[in-house]
Each structure stands twice: as C-alpha cells, then as structure tokens.
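Asks: Just passing along the structure, written as structure tokens.
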Amino acid sequence: MRHAWLCIGLIVFGCEGKAPPDQPTTDGSLAVDAPGDGGSDVTTAKVSGKVLDYFTGDPLAATAITTVGLQPELATTTAADGTYSFEVAVGSKLFATSTRNNFLNTRNATTVVAQLPVIENLYALASGDVGRQFATANVTAVSGTILIAELQNDLGDPLAGILPAAITLVDGNGALVTGVSAPFFMNAADVDPSLTMSTAFGAAPARARVALLNAPPGTYTLKVNYTDANAAAATHTTSVTITAGGATLALSGGLQANSSTAAITDPSFATDIYPRLQKASKGGLGCASCHNLTGAGSVLPYDNTDPAVVLAAIKAAVGVINATTPAMSTFLTKPLFETTPPQNHPNATFLDVNDPNYKLFLLWITLGTKP
Ligand code: HEC
C-alpha cells in the first residue's frame, strides 16, 4: 500500500497534475495504477488554490499547509504568489490548516475531493484582525479561539434571519460547550454586535456569517436551527474542531448537506451499498479506486462486477461487519474521520456520524446486511 502513496509523499518535489504515473518505488517494484476503466482510471485529484489573508484577501507566501484526515497527512508550503497544490485520493474529505507567523493556526472548512480536481482558496486569520473581533465584540480573550461559520441554506444561498438562540455549539453528549461567547453576526468585514440576526453581506457571493469566540479546544457539533423550504423546522449540523489559540472556519448547510439517502429505509447491498463502493467515475464514493485487485486496498476488492462476490468477501473478512455492535464494523470505522489523530485509513469518506452515507451503511448493517 506504500507504493500508491509515493507520489503524495513527494508532493513538494512537484508531483502534480493528473493521477500519479506508474513509477519505481524504493523496493524496486512498480506502483501500478488500477486496471479497468482504460484511460479514465483516476485515483487522485489535484487540490490547488491560494492561501489568502481572511480579512484582507491578500495572498500569503511561505505559509505552511498541513492536512488533517489523511494517512499519511500531507504538508506543503505556499509559493511567493500564495499558491499551493497537492494530490488527494478521490472520495476524500479533509481539513487543511494554514500556519504562518503573526497569524492564528487556521483550520479551514472541509475540503471535499469528489472526482475532479478541486480549486479552493484557503485562509489564515491574522492575530491583529482576530484581536479586533474580540475588541469589537467587547469580549475578553480567554482561550482566544475564534470560530467563523458561513451559514447557508440547502441551495447554497446565504441563510439570513437566524437568531442567536438558534445557533449552538454542543459536545459529544449534546451538552452546550461552556466558556464560548454568544454568537456574533458579521457584516461585510467584521463582527457587528448591532446585528440581531444573520444577514447576508457583500456581492458575488454574498455571505451570512457568525462568529463564536473563546470556545475551548475540542471537537464539537455546530447546530443551526432553521426553517427549510417546506416551512418545516430543520437543523444543520457541522463537525468543528477548535485547536488551542487557533481559528476555525466552517460551512453550515450548503449544497453538500443535501442527500438522496433519506428515502432509503431498507437498504440492500446490490442496490444501495455496492454502487456507493465503486469508483467516483462510476458514480460511487471512490472506495474501489483503492479497493481493487492491485490497488492500495487490495486486501478487500470492491470492484468485482458481481455484487454477490463483493458481499461474500466483505462478510469473510474479520471485523468488517460487526453484527453485535454495527457501529464497530470496520466497514464504518475505516472510512470515518478520526477526531483524534492519527487516521486509521488512507482517507476519510465520512466526516462524522451525521454523514448520510455513513447512516445508510450503518442502517444496512443494523438491518442484517441484506444482499
Ligand atoms: C485511498 C485509498 C483507499 C480508499 C479510497 C478507501 N480505502 Fe479502505 N483501505 C485502504 C487500505 C490501504 C486499507 C488497508 C490498510 C488499513 O486497514 O487502513 C484499507 C482497509 C479498509 C478496510 C479493512 C479491510 C479489512 O479486511 O480489514 C475496510 C473495511 C475499508 N478499507 C473500507 C473502505 C470503504 C468503505 C471505503 C469507501 C467509503 C474505502 N475503504 C476507501 C485504502 C483505501
């Protein structure tokens, strides 16, 4: 499995562009791309963009970027014009953290690598600018952390009109996180204590943002209650991690929060699970990019054309399905993001247990792994 990752280990030496080519490894063997789809056998996608100063938009040179959510994690540094790039397995969800002198370590909103290259700017928050947010909000820095979430509806438009009481930060037991300030809404530039509800500011794209100050370090769920398009009460949940003295950016809601899995109440392997295990180029979550006969995940191939063969292999492998405690199945725990590093799998497909596909897989196991 080390072979396929050689390129990623060497990203700083310019291994960018398309999926990594076959290349010799240190033990002399060849890292071969998986066979199958002819030329379109994409296993990794390029993630690139610039790191920008969050408040001024200026590109930031010489800024370190590290990932959270991969095994091994990636690291790179921005060029003089602020640009960065790295290669990530398709079907991955991860966080990029920017580190620079006089800036807070900034954990960016989730990067989602579906099938195509991703162009995404990352941000870093300058200490001085963060100090201004505390001063404007008239909040004394205790942990000194700042969480800024962009609020969107399910169509990706700004979610305006949300009251402070509808926004909470809760821990793993659903209890309110203590020490964190009341939510402050932001105008086009900064926190604005005069705003009594979330309000969209700016053009193309307009944003409605909320800031929470002084959250203690930890991984929490940001909950935003809103009224959906059918006038029904709904909640967006977003997993957020606060690091000591750091800044965290998050997206609450948005197009990604949508899912087509809710209607599936009695999933079967052939209809609902097997298609999701396939490569992204075949409409799946990308598992089979690695889980094929010659790929990094050859320990358990998912790409046999007969779903019954794949299901038999899954059931034969020890621990992959845990009928007694379904959530302990490695079928779920391997692709699930580890909030406490290191990751236990090359990539994470499910950020948290709220992921619709995670819930679907869990339901399938709970109901007895129907073929
Ligand atoms: C980037 C490559 C890659 C992708 C994509 C990938 N895996 Fe894996 N997976 C591996 C490797 C390598 C291993 C073996 C090492 C380990 O257990 O982490 C593995 C191990 C596993 C195991 C344990 C197998 C066993 O026999 O113990 C399961 C279960 C698993 N993966 C499920 C999945 C699922 C489900 C997906 C898609 C949602 C997925 N993986 C996507 C590379 C990948």
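The values are calculated or read from the model by the stated rules, or taken from the named source; none is laboratory data. Fair warning: this is a prediction, and the values are worked out from it, not measured in the lab. Here Cβ is always computed from backbone atoms with ideal geometry, including for glycine, and neighbour counts include all displayed protein chains. Surface areas here come from the heavy atoms of the whole protein model, side chains and all, with no ligands, DNA or RNA. Shrake-Rupley method; radii C 1.70, N 1.55, O 1.52, S 1.80 Å.
Asks: Which value at 222 nm does the chain reach when only helices count, each DSSP H run of 4 or more adding -39,500 (n - 2.57), with the total divided by all residues and rounded to the nearest 500 deg cm²/dmol? Before the final figure, lay out each step's value.
Replies: Details: 6 runs with 44 residues, N = 371.
Computed mean residue ellipticity for the chain: -3000 deg cm²/dmol.
Asks: Then there's this: Could you tell me which chymotrypsin sites (Phe, Trp or Tyr not before Pro) in the range 75-158 are loop residues by DSSP with no more than 12 other beta carbons within 10 angstrom of their beta carbon? Could you put the intermediate results ahead of the total?
Replies: Numbers: sites: TYR84, PHE86, PHE95, PHE103, TYR123, PHE134; in loops: none.
Loop-located and lightly packed - none at all.
Asks: How large is ³J(HN,Hα), in whole Hz, for each residue of the range 108-120 in order, when computed from phi with the Karplus curve 6.51 cos²θ - 1.76 cosθ + 1.60 and θ = phi - 60°, using x for Gly and Pro?
Replies: Whole-Hz 3J(HN,Hα) from phi for the range 108-120: 7, 4, 3, 9, 10, 9, 7, 10, 9, x, 10, 10, 8.
Asks: Between the range 234-273 and the range 301-365, what is the separation of their alpha carbon centroids in Å?
Replies: 16 Å
Asks: Something else now. Please turn the phi angles of the range 334-348 into ³J(HN,Hα) values with the Karplus equation 6.51 cos²θ - 1.76 cosθ + 1.60 (θ = phi - 60°), one per residue in order, whole Hz, x for glycine and proline.
Replies: 5, x, 8, 4, 8, 6, 10, x, x, 5, 9, 7, x, 8, 10
Asks: Next up: Would you pull out the residues with amide H under 5 Å of GLY91's amide H, same chain only if 5 or more places away, H placed 1.01 Å from N?
Replies: Here the answer is VAL113, ALA114, since their amide H atoms fall under 5 Å of that of GLY91.
Asks: May I pose another question? Can you tell me the orientation of helix 356-366 relative to the chain, as the angle in degrees between its alpha-carbon axis and the longest Cα principal axis, to the nearest 10?
Replies: For helix 356-366, the angle is close to 50 degrees.
Asks: Just to confirm the number: angle between the C-alpha axis of helix 127-137 and the first principal axis of the chain, 0 to 90 degrees, nearest 10?
Replies: So the inclination is approximately 60 degrees.
Asks: Continuing with the same structure: Return the long-range amide H neighbours of GLY49 (sequence gap of 5 or more, or a different chain), with a cut-off of under 5 Å between placed amide H atoms.
Replies: TYR84, GLU120
Asks: Let me ask something additional. Let me know the shape class of the range 269-366, please: from the alpha-carbon gyration tensor, a ≥ b ≥ c as square roots of the eigenvalues, rounded when a/c is under 1.5, otherwise prolate if a/b is greater than b/c, or oblate.
Replies: Details: a/c = 1.39, a/b = 1.21, b/c = 1.15.
Rounded.
Asks: Residue by residue, what Karplus-based ³J(HN,Hα) values in Hz, rounded to whole numbers, does the range 273-282 have, using 6.51, -1.76 and 1.60 with θ = phi - 60° and x for Gly and Pro?
Replies: 9, 3, x, 6, 7, 7, 4, 4, 5, 10
Asks: Could you give the Stokes-Einstein D for the range 138-257 in µm² per second, using the C-alpha Kirkwood radius, 4 °C, 1.567 mPa s?
Replies: Details: Rh = 14.4 Å.
Rounded to a whole number, D works out at 90 µm²/s.
Asks: For the chain, give the percent of accessible area contributed by carbon and sulfur heavy atoms, probe 1.4 Å, rounded to a whole number.
Replies: Working: 9880 of 16880 Å².
Roughly 59 percent, rounded to a whole number.
Asks: So what does the Cα-only Debye profile of the chain read at q = 0.06, 0.15 Å⁻¹, as log10 I(q)/I(0), no solvent term?
Replies: For the chain at q = 0.06, 0.15 Å⁻¹, log10 I(q)/I(0) is -0.24, -1.37.
Asks: Suppose every K and R has +1 on its Cβ and every D and E has -1 on its Cβ; what is the size of the dipole of the chain about the Cα centre, in Debye to the nearest 20? Could the numbers behind the result be given before it?
Replies: Values: 18 positive and 27 negative charges, 81 e Å.
For this selection, approximately 380 debye.
Asks: Within the set LYS93/LYS359; LYS223/LYS282; LYS279/LYS359; LYS46/LYS223; LYS46/LYS93, which residue pairs have Cα atoms separated by over 23 Å? Don't skip to the answer; put the middle values down first.
Replies: Working: LYS93/LYS359 16 Å; LYS223/LYS282 33 Å; LYS279/LYS359 20 Å; LYS46/LYS223 31 Å; LYS46/LYS93 13 Å.
Beyond 23 Å: LYS223/LYS282; LYS46/LYS223.
Asks: What do you get for chymotrypsin sites (Phe, Trp or Tyr not before Pro) in the range 143-248 restricted to DSSP loop and a cutoff of at most 12 other Cβ within 10 Å of the site's Cβ? Present the calculation step by step, with values, prior to reporting the outcome.
Replies: Numbers: sites: PHE184, PHE185, PHE201, TYR220, TYR226; in loops: none.
Answer in residue order: no site qualifies.
Asks: Let me ask something else about it. Ignoring ligands, DNA and RNA, how do ILE148, ILE321 rank by accessible area with a 1.4 Å probe, largest first?
Replies: Numbers: ILE148 5, ILE321 40 Å².
The most accessible residue leads, giving ILE321, ILE148.
Asks: Under 5 Å between amide hydrogens, which residues at least 5 positions from PHE201 or on another chain qualify, with H placed 1.01 Å from N in the peptide plane?
Replies: ARG207, ALA208
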